[in-house]
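Novice: This is the structure I have questions about; it appears just below.
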Amino acid sequence: MGFFALIAMWFALPLLFIFLFILPVKLMIRSLIDIVYIPRQIVGIAANARLRRNHALEHATINVLQQRYGVRRLAGLASEDGFLIRGWSDDRALSRAAGEALLRLQRGEHDLAVHRHCGTSQAVGNFLFAVLYLTVLLAGGRLQLGAVMLGGAALLLISPYLGMWIQRAFTTSIDVSDVMIIGTSPVFGRKGPAFPFSLLLGRVPEGYYVHTGSGAALHGSWIER
Ligand SMILES: [Zn+2]
């Protein structure tokens, strides 16, 4: 065996070990976690009406911003009291977009409530891949790698559409007739100058939180006063 062949083997053996042993085991553990936690997360969101409404409004706001300004890199995160839009720095434009999004949802533009790049779609893709991988492992056989790759490619094609269906059915709600937008507040990340330089230089928010509430609840609190 030549010198270069020895060197090549020296590098190839650890790689082979990683591909044949470590990666499949890591993938198996990941799949076992996904197959349990992803359905639980989706059921948890499905049972939370406020979260679902805010998730729909978050998607609609991002859709409006992307239609209007052609921006691509926006991320959103919904919670029970509103939603965060990351990667956007114009407070007023965001308020206008959120207001327009709410109005358009209320008027029946229900497609706005769904977003192609939502975390739900990724989670659905991961879940289906976990099912595929564990099934192939349990079934055994020689075509394991081929089956996983072929199935994975098929899932890449299907999962965006399935993800949008799951969004419509479980993780968003178009029942926004009673939702009100209360206001926005900046959200500061860990990046940027630290105190006391932040006072001198100012800090750029990494995004804005849009606070929402129920129109009926707000109206009620007015009456109480
Ligand atoms: Zn989403």
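Novice: How many nm separate the modelled label positions at residue 134 and residue 149, each set 7 Å beyond the Cα in the direction of the Cβ?
Specialist: Here the modelled spin labels are 2.5 nm apart.
Novice: Also, quick follow-up: Using a Förster distance of 35 Å, how high is the FRET efficiency between residue 23 and residue 43, based on the Cβ-Cβ distance and rounded to 0.05?
Specialist: Once rounded, the FRET efficiency stands at 0.70.
Novice: Tilt of helix 23-46 relative to the longest C-alpha principal axis of the chain, in degrees (0 to 90, nearest 10)?
Specialist: 20
Novice: Continuing with this model, one more query. Can you give the net charge of the other residues whose Cβ lies under 11 Å from the Cβ of residue 100, counting K and R as +1 and D and E as -1?
Specialist: Here the charged neighbours net out to +3.
Novice: Another one. Which residue, 157, 114, 184, has the largest displacement toward the positive end of the dipole of the chain when charges sit on each Cβ (Lys, Arg +1; Asp, Glu -1)?
Specialist: Towards the positive end, the residue furthest out is 157.
Novice: Loop-only trypsin sites (Lys or Arg not before Pro) in the range 18-81, please: DSSP not H, G, I, E or B, and at most 16 other Cβ atoms within 10 Å.
Specialist: 72, 73
Novice: Collect residues whose amide H, placed 1.01 Å from N in the peptide plane, falls under 5 Å from the amide H of residue 79; neighbours closer than 5 in sequence don't count.
Specialist: 84
Novice: Once you charge only the Cβ atoms, +1 for Lys and Arg and -1 for Asp and Glu, what is the size of the charge dipole of the chain about its Cα centre, to the nearest 20 debye?
Specialist: 380
Novice: Here's another thing I want to ask about it. Treating only the Cβ atoms of Lys and Arg (+1) and Asp and Glu (-1) as charged, compute the dipole magnitude of the range 42-115 about its Cα centre; round to the nearest 20 debye.
Specialist: Working: 11 positive and 8 negative charges, 24 e Å.
The dipole of the range 42-115 has a size of about 120 debye.
Novice: What FRET efficiency comes out for residue 187 versus residue 72 if R0 is 22 angstrom and r is the Cβ-Cβ distance? Round to the nearest 0.05.
Specialist: With R0 = 22 Å, the Cβ-Cβ based efficiency is 0.65.
Novice: Rg/Rh for the chain: what does it come to with C-alpha atoms and Rh from Kirkwood?
Specialist: For the chain, the value is 1.13.
Novice: Turning to a different aspect of this structure: Report, to the nearest 10°, how far helix 3-17 tilts away from the longest principal axis of the Cα atoms in the chain, using its own Cα long axis and a range of 0 to 90°.
Specialist: 50
Novice: Tilt of helix 49-69 relative to the longest C-alpha principal axis of the chain, in degrees (0 to 90, nearest 10)?
Specialist: Compared with the principal axis, the helix lies near 90 degrees.
Novice: List, in order, the whole-Hz ³J(HN,Hα) value for each residue of the range 183-189 obtained from phi through the Karplus relation with A = 6.51, B = -1.76, C = 1.60 and θ = phi - 60°; use x for Gly and Pro.
Specialist: For the range 183-189, the Karplus-derived couplings read x, 10, 9, x, 10, 9, x Hz, x marking Gly and Pro.
Novice: Cβ under 13 Å from residue 185's Cβ, residue 185 left aside: what net charge do those residues give with Lys, Arg +1 and Asp, Glu -1?
Specialist: Working: positive: none; negative: 81, 91, 206.
Summing Lys/Arg as +1 and Asp/Glu as -1 gives -3.
Novice: Once the Cβ-Cβ distance between residue 204 and residue 156 is put in as r, and R0 is 30 Å, what FRET efficiency do you end up with, to the nearest 0.05?
Specialist: The computed FRET efficiency comes out at 0.25.
Since every read-out is calculated from the coordinates, none of them should be taken as a lab result. The shown structure was predicted, so the numbers you read here are calculated from the model rather than taken from an experiment. With ideal geometry, Cβ positions are generated from the backbone for all residues, glycine too; neighbour counts draw on all protein chains shown.
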